[in-house]
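The values are calculated or read from the model by the stated rules, or taken from the named source; none is laboratory data. Worth saying up front: this structure is predicted, and the values here are computed from it rather than measured. So basically every Cβ, Gly included, is an ideal-geometry build from the backbone, and we count neighbours across all protein chains shown.
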Amino acid sequence: MKSNPGNSNKGPYGTLKTLSYANAFLGDIVQGHNGTIWRHSTVVTKFENSKVYVTGRTGDGAYNDNQLATTIYGTQRLIYLEGNYN
């Protein structure tokens, strides 16, 4: 993520937030940590019963279609998408 956009930056930018129903919006990114590195990124696609659900592919044959975000890896982080560099 870029924290100080310059004249040559392109694309979306965001900030790290605690993964919670209150912080997440459709289209935000949830990443899973495998104990060593941040591994896979999934997209927030659904809210139900004050819980965040994501869709993505987190491994061979693991297609997470509207899966509860907190069940992907042991630790997660939310990247709240704030805008887009032009």
Q | Among the candidates 83, 6, 59, residue that is modelled with pLDDT under 90 and in contact with a His (Cβ under 9 Å, 6 or more places away or on another chain) | A | 59
Q) How about the stretch 45-64: which of its residues are without any contact (Cβ under 8 Å) to a residue 24 or more places away in the chain, surrounded by fewer than 15 Cβ atoms within 10 Å (Cβ to Cβ) and either part of a loop (DSSP other than H, G, I, E, B) or of a type in the set (D, E, K, R) (or both)? A) 48, 49, 57, 60, 61
Q) Which ones in the stretch 24-74 are of a type in the set (Val, Ile, Thr) and under 23 Å from residue 12 (Cβ atoms)? A) 29, 30, 37, 42, 43, 44, 45, 52, 54, 55, 58, 72
Q) Quick one: how many residues across the stretch 66-86 are at negative phi and within 14 Å of the chain's Cα centre (by Cα)? A) 14
Q) Between a first residue in the stretch 16-44 that is in a loop (DSSP other than H, G, I, E, B) and a second residue that is exposed (fewer than 12 other Cβ atoms within 10 Å of the Cβ), which pairs have beta carbons less than 8 Å apart while being 6 or more apart in sequence or on different chains? A) 21/50; 34/74; 35/74
